[in-house]
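The values are calculated or read from the model by the stated rules, or taken from the named source; none is laboratory data. Small disclaimer: the values here were computed from a predicted structure and weren't measured. Here the Cβ positions follow ideal geometry from the backbone for every residue, glycine too, while neighbour counts run over all protein chains shown.
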Amino acid sequence: MAGLAAAVVLDAEEAQYWLWSQHLDWGYATKPPGIAWEIAATTSLFGNTEFGVRFGAIILGILLPLAVYHLARSCGTQENSACLAALLFAFTPVGIAASLFATTDAGYVLFWILAFALFCKSLRDGKEPNYPLMGFYVLCGALFKWTVYLFWPLLGVLLLLYPGQYSWRFWLAIAISLLGLLPSLYWNIDHGWSTFKHVGEQSFQFQTSLLAFGGAQIVLLTLPLVIAWLIALREELTPPLRACSLAALIPLTLYLAASVFLRLNGNWCVFALPPIFVLVAWYLVERLQRPLAWTLAILAFTVISFIGVWTVHPPRSDWRTIAMRLFNEGYNPSRHFLFSDRYQTASLLSFYGPVQQQAYVLPLKPRRTNQFDYWPPMDEQLAGRTGFFVGDYRSVEEREQVATELKKYFQTVEHQSDDAAIPREKQLFILKCSGYNPNRKQTRFAANLDTLDQIALVNYVLFLGVYDANPAEAGLGNGPTCTYPVDVHYLEPFGSFF
């Protein structure tokens, strides 16, 4: 896994998290600070390399199977069952992905498992759970992803079924866990509550995703494991194992139902998957007593899944050559700047660029708020300078459209030569943009509309093909922003607002 971590090019989200780690803070536009802190720690040891960025994921990839083993033993399963649960988790797609990619999921899922194991252990022993420790585990998970707070309503349902495990310390545990919000609260107070609004916006996007979400769960678990789990649900279960079955079944059922109406990403319910491994391992070892055939089938489907993913989405290689291509085109870090039009590309450009310095983002179309909105933009300090634009568009038409848009900001925009080893339709492309002139005022509009006048203003601008953003510059209050440059003459009918 360490070899793959060093060999595979970073994903755009990983590059963004690395960039966050270069600007340590108490919070960020879309996530709590845990992943940035993790990467800052690991890159301080191993440098700003793929391995350095992902070393934390490798450690979590070791700890997660151990946590699954601990959960299985807390449920009262045999040693062999617990070992098989850990093995299956480590060598199925969900475990492999957690140990290979630096994401926010691995951190919060680890602490979710540890918190849930305390409840299962209490059912096994007939004692009250260690609620303060449970709250501390959820607190730690919240530093990575707030999804961990769904642990409490799920536990509330289980306490209705097992009321003997309830005590007033349940509420103490919740109070302790809420301390995990403090770093993000501190950051969001001065940044328009961006993280909270991002979570709200992402949670309610009305677009069906049933097939994609359901298919993702099957890929993460493998089809044989899903079948074994459904069979195991029919068995007579002990209270801890019954809690494990419900801890997976309730969230997955609710998420699948929601995916009929909402756009849900496949990883959003990953916290529900570890208990499935415990139940399946128990069934294969202690009930069916034929674990080998099923284990081989599960591992075979894991191999098939990765071959399929590798075939459909092969690892990219063009980012490893972008620094040399930029140098060949005349880029000089001391005189020129790098930029793109999307935060994903700009993040990767910052990591794989010639000197690993932060690239700029010049948005050319509407997009959601991201961390670049809170960092220095392309403004007057770059006026007259030459910038190298790196884009990631596959079609020639999209590239020409980008070049046309950039000509509004630069005196000249030159297409640079392409790398003949990579088809033009699938490679990064470079535009040399000379004489930057921020001649169009990059005004940003209110995202938190409170009056009909503000609504009319933004509707008018949307009609003209532009978008809303930072209300502070428009004198409309504070809030998260979504930048988009606007010709000043568009604002003349609303001069009283500016």
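A few points about this structure:
- Index of the failed condition, Ala102 passing every other in (1) in a helix (DSSP H, G or I); (2) under 24 Å from Ala216 (Cα atoms): (1)
- Residue match in the stretch 47-54 (condition: outside any helix (DSSP H, G or I) and under 18 Å from the mean Cα position of the chain (by Cα)): no
- Subset of the stretch 1-46 [surrounded by 21 or more Cβ atoms within 10 Å (Cβ to Cβ), outside any loop (DSSP other than H, G, I, E, B) and among the aliphatic types (A, V, I, L, M)]: Ala5, Ala15, Leu19, Ile35, Ala36, Ile39
- Hits in the stretch 65-80 (condition: under 20 Å from Pro93 (Cβ atoms) and free of Cβ contacts under 8 Å to residues at least 60 places away in the same chain): Pro65, Leu66, Tyr69
- Remark: Phe351 falls outside the filter, which requires a residue to be crowded, with 21+ Cβ neighbours inside 10 Å, on the phi < 0 side of the Ramachandran plot and touching a Cys at 6+ places or on another chain (Cβ under 8 Å).
- Among all residues of the stretch 323-337, there is none that is under 25 Å from the mean Cα position of the chain (by Cα), part of a helix (DSSP H, G or I), closer than 22 Å to Glu405 by Cβ and among the aliphatic types (A, V, I, L, M).
- Residue within the stretch 282-289 that is part of a helix (DSSP H, G or I), in contact with a Phe, Trp or Tyr (Cβ under 8 Å, 6 or more places away or on another chain) and outside the structural domain of Gln16 (by TED's automatic domain parsing) present: no
- Among the residues of the stretch 252-273, the ones that are outside any loop (DSSP other than H, G, I, E, B) and surrounded by 22 or more Cβ atoms within 10 Å (Cβ to Cβ) come to 3 in all.
- Among residues of the stretch 383-407, those that are surrounded by 15 or more Cβ atoms within 10 Å (Cβ to Cβ) and either of a type in the set (S, T, N, Q) or not assigned by TED's automatic domain parsing to the domain that holds Lys432 (or both), counted: 1
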